[in-house]
1. Over what distance in Å are the Cα centres of the stretch 110-137 and the stretch 34-103 separated?
2. Under 22 Å between alpha carbons, and skipping anything fewer than 8 positions from residue 134 in its own chain: which lysines qualify?
3. Using amide H atoms built 1.01 Å from N in the peptide plane, name the residues 5+ places from residue 135, or on other chains, whose amide H lies under 5 Å from its own.
4. Within the stretch 21-57, list the residues whose amide N lies under 20 Å from a label point set 7 Å along Cα→Cβ of residue 136.
5. Over the stretch 10-158, give the accessible area per residue in Å² for a 1.4 Å probe, as an integer.
6. Fully extended, how many nm does the chain gain between residue 6 and residue 119 (0.36 nm per residue separation, minus their Cα-Cα distance)?
7. Ignoring any ligand, DNA or RNA, what whole percent of the accessible area of the stretch 1-76 comes from carbon and sulfur when the probe is 1.4 angstrom?
8. Go ahead and run the numbers for FRET between residue 17 and residue 155, Cβ-Cβ distance against an R0 of 30 Å, rounding to 0.05.
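The values are calculated or read from the model by the stated rules, or taken from the named source; none is laboratory data. From a predicted model like this one, the values you see are computed outputs, not experimental measurements. Positions of Cβ are backbone-derived with ideal geometry, glycine not excepted, and every protein chain shown enters the neighbour counts. The accessibility values were calculated without ligands, DNA or RNA, using every heavy atom of the protein model including side chains. Shrake-Rupley method; radii C 1.70, N 1.55, O 1.52, S 1.80 Å.
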Amino acid sequence: EFRKGLGFLGSMFSNFMFGTNVTLINSEITISQGNSQETRPMWGQSPYSVNASLYYMNPETGTSVNLAYNRAGRRIVSVAQLGRFPGLEGDGKSPHWYEEPRDLVDISISQTISSMFDVKFVVRDLLNQTLYWKQDDRTVQSNVFGSTFSLSIAYRWQ
């Protein structure tokens, strides 16, 4: 994990902060079903996760902007019964369904209007990439969730 204010690049960047974290995971489980045995990654466990953000905050104007990025590695989303897909397993391929990696980008912009009001605009999944589930190299399901946009006004009473 790494976080750093960018003021060292000059006064123009004094209100910026960059952060990132990378996680590497090696998980495995051995399963026995009937006469079959398999060692595979744990269900739902990505081999890596990458997050990064660029944050801007100006206390004088009450403006803040956050740009966030996330990507997680290929992970099992549906575990298949061993022996059910002999064509795949006979070729040494995995019978399980995997969620393929995709890039997620979110942005939020907040502005203080007065001592009592804040306005916030948020875009989630800006890139709107298709989510693919695959069994070996065959797409078994896909979905496009769409980007979401929200605008909110917050009121503070004192």
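1. Each part's Cα centre sits 20 Å from the other's.
2. Output for residue 134: 93.
3. It is 98, 140, by chain and number.
4. 36-41
5. Values: 9650 Å² over 149 residues.
About 65 Å² of surface per residue is accessible.
6. Details: separation 113, 0.36 × 113 = 40.68 nm, distance 2.57 nm.
Between residue 6 and residue 119, full extension yields an extra 38.1 nm.
7. Numbers: 2900 of 5190 Å².
For the stretch 1-76, the apolar C and S fraction of the accessible surface comes to 56 percent.
8. Values: r = 28 Å, r/R0 = 0.92.
Calculated transfer efficiency: 0.60.
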